[in-house]
Amino acid sequence: MFIHPAKSALLVRLGLWIRRSLFQIADRIVPVQYALFERSIGLSETMMISVVCEAQVPELVSEGPISTRELARLTQMNADVMHRILRALSARGIFHMMPGTEGLVSHTRLSRGLLNETAHASHEWAQYFGSVGNVGAWADLRTSLLDGRSAFDRVFGETVWEWFAKNPAAEENFAQSMMGVTRIQVPIILDLYDFSQHTRLCDVGGGRGTLLSAILRSHPGVRAILCDGPGVLSSAESLLAAAGVRDRVELIPGNFFKAVPEGADCYLLKNILHDWNDDVCIQILKTVYRAMQKGQTLVVIEQLIEPTQSNALASFSDIQMLVACSDGRERSSAEIEGLLKGAGFAESRTHFHPITCVIVAHK
Ligand SMILES: C[S@@+](CC[C@H](N)C(=O)[O-])C[C@H]1O[C@@H](n2cnc3c(N)ncnc32)[C@H](O)[C@@H]1O
């Protein structure tokens with residue numbers, strides 16, 4: 001197993017280290033109960049951000065300072081509760097409520113980041129984290145602590161993907177959120193791996209094709225297959241067209257538990273394995289292995305986490321995967337390598353970055 005740190009990874013590590021140090025200083029200058037109380041009320045902040053995004057409050061505030069009464073009128077919400085939520089959020093630096101007014105609200109750097117046209121999809125993530133599906137699953141975390149199993153499947157009686165198929169608005173919200181994450185990860189992935197060495201890629205569980213679009217735009221000689229459920233693929237059409245790559249992408253519905261398309265020379269699995277437990281991951285990897293020819297490449301893209309190393313993003317994502325996906329988890333490079341070997345792949349090579357990593361294996 002080889003591990004290569006990418007250059008920009010050092011800057012990201014430094015930024016995260018400075019941020020963590022400042023938080024530690026901030027915690028030391030307040031009473032310990034205050035610091036803990038603030039951590040314990042995270043749920044209320046999640047819900048308040050989620051509902052104001054759902055009501056399109058960030059968009060209305062961007063027209064200029066606006067009163068909470070007017071916001072309530074425009075969104076047809078309760079004026080008293082609108083005022084109280086925005087007052088609470090402004091205490092956390094999300095929106096600014098001007099003192100001495102009847103509740104005039106303007107943007108801060110953070111609330112402006114919640115505008116729904118921003119590429120990183122903070123607006124969509126905020127809605128997703130406060131959604132009935134996600135909060136309903138988190139409410140049963142105590143049972144997961146007892147039985148070690150995913151909360152979502154237990155609470156809703158089906159996997160999140162089956163549930164999304166019956167709840168198109170929630171599916172759309174999640175897909176938009178994932179597209180935002182992928183847009184942040186794309187420059188890192190393109191830096192970590194040279195896709196121009198391949199002629200035809202197949203992105204398995206590739207969602208709306210955000211990653212494929214970016215790869216194809218960077219490498220005009222490459223063609224691709226996008227494989228996902230039929231509902232997801234139909235919504236990918238217009239996005240691929242808007243990216244100018246529709247004529248280079250074949251949309252082929254597939255199920256990674258049964259069969260995925262043959263005929264590519266490089267297969268991609270991005271943020272798929274962390275949704276599932278080890279046995280299911282090996283099943284998915286074996287399906288992809290069957291579609292591949294000897295010597296062909298598999299590129300797995302995941303954030304990696306070592307057993308005793310806490311990381312602000314991956315450690316949280318690890319529990320989010322446990323709660324909201326089917327016994328999902330974030331893994332170490334050795335654990336991913338174990339899964340790859342379990343499915344028959346030869347030795348893998350890990351290209352490391354604190355935001356996302358690229359693991360390359362061959363059949
Ligand atoms: C966490 S999302 C990742 C999407 C994309 N790879 C990305 O990183 O943006 C998981 C994807 O797996 C797809 N998926 C779930 N079950 C699947 C199955 N049985 N076969 C193929 N795709 C599936 C979902 O529709 C979804 O697009």
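The values are calculated or read from the model by the stated rules, or taken from the named source; none is laboratory data. No experiment lies behind these values; they were computed from the predicted model shown. Note: ideal-geometry Cβ built from the backbone for every residue, glycine included; neighbour counts use all protein chains shown. Remember, those area values only see protein heavy atoms, side chains included, never the ligands or the DNA or RNA. Shrake-Rupley method; radii C 1.70, N 1.55, O 1.52, S 1.80 Å.
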**Request:** Please verify whether the stretch 171-179 includes one or more residues that are at pLDDT 95 or above and outside any loop (DSSP other than H, G, I, E, B).
**Result:** no
**Prompt:** Taking residue 220, is it away from the ligand (no atom under 15 Å from the Cβ), more than 25 Å from residue 335 (Cβ to Cβ), part of a loop (DSSP other than H, G, I, E, B) and open to solvent by 40 Å² or more (accessible area, probe 1.4 Å)?
**Reply:** yes
**Request:** Would you check if residue 298 is over 24 Å from residue 147 (Cβ atoms) and assigned to a helix (DSSP H, G or I)?
**Result:** no
**Prompt:** Quick one: is residue 105 farther than 26 Å from residue 183 by Cβ, outside the structural domain of residue 356 (by TED's automatic domain parsing) and either charged (D, E, K, R) or in contact with a helix residue (DSSP H, G or I) (Cβ under 9 Å, 6 or more places away or on another chain) (or both)?
**Reply:** yes
**Message:** Going by what's in this entry, would residue 15 be described as open to solvent by less than 90 Å² (accessible area, probe 1.4 Å), more than 30 Å from residue 139 (Cβ to Cβ) and either in contact with a Cys (Cβ under 9 Å, 6 or more places away or on another chain) or in a helix (DSSP H, G or I) (or both)?
**Reply:** yes
**Complete:** Only one of (1) aliphatic (A, V, I, L, M); (2) closer than 17 Å to residue 271 by Cα; (3) touching a Leu at 6+ places or on another chain (Cβ under 9 Å) does not apply to residue 160, and that is (3)
**Message:** Just the residues that are small (Gly, Ala, Ser), under 11 Å from residue 203 (Cβ atoms) and either open to solvent by 50 Å² or more (accessible area, probe 1.4 Å) or not in a helix (DSSP H, G or I) (or both), please, taken from the stretch 234-260.
**Reply:** 254
**Request:** Taking only the stretch 109-123 into account, find how many residues are assigned to a loop (DSSP other than H, G, I, E, B), closer than 15 Å to residue 86 by Cα and open to solvent by 70 Å² or more (accessible area, probe 1.4 Å).
**Result:** 0
**the stretch 185-207, residues that are within 21 Å of residue 287 (Cα to Cα) and near the ligand (Cβ under 9 Å from one of its atoms)** = 203, 204, 205, 206, 207
**Request:** Say whether the condition of being without any contact (Cβ under 8 Å) to a residue 12 or more places away in the chain, open to solvent by 20 Å² or more (accessible area, probe 1.4 Å) and not in a strand (DSSP E or B) is met by at least one residue in the stretch 198-207.
**Result:** no
**Request:** Evaluate the stretch 261-280: report whether one residue or more is within 15 Å of the ligand (Cβ to nearest atom), part of a helix (DSSP H, G or I), farther than 21 Å from residue 177 by Cα and open to solvent by less than 40 Å² (accessible area, probe 1.4 Å).
**Result:** yes
**Item:** Boolean, residue 50 is hydroxyl-bearing (Ser, Thr, Tyr), in the same structural domain as residue 355 (by TED's automatic domain parsing) and within 24 Å of residue 173 (Cα to Cα)
**Value:** no
**Asked** Which residues, taken from the stretch 65-92, are in contact (Cβ under 8 Å) with a residue 24 or more places away in the chain and more than 31 Å from the chain's Cα centre (by Cα)?
**Response** 65, 66, 67, 68, 69
**Item:** the stretch 169-184, residues that are of a type in the set (S, T, N, Q) and more than 8 Å from the ligand (Cβ to nearest atom)
**Value:** 173, 176, 177
**Request:** Would you tally the residues in the stretch 304-331 being of a type outside the set (Asp, Glu) and surrounded by 15 or more Cβ atoms within 10 Å (Cβ to Cβ)?
**Result:** 16
**Prompt:** Does the stretch 225-239 contain at least one residue that is more than 8 Å from the ligand (Cβ to nearest atom) and under 19 Å from residue 291 (Cα atoms)?
**Reply:** yes
**Request:** Restricting attention to the stretch 136-152, report how many residues are within 21 Å of residue 41 (Cα to Cα) and open to solvent by 30 Å² or more (accessible area, probe 1.4 Å).
**Result:** 7
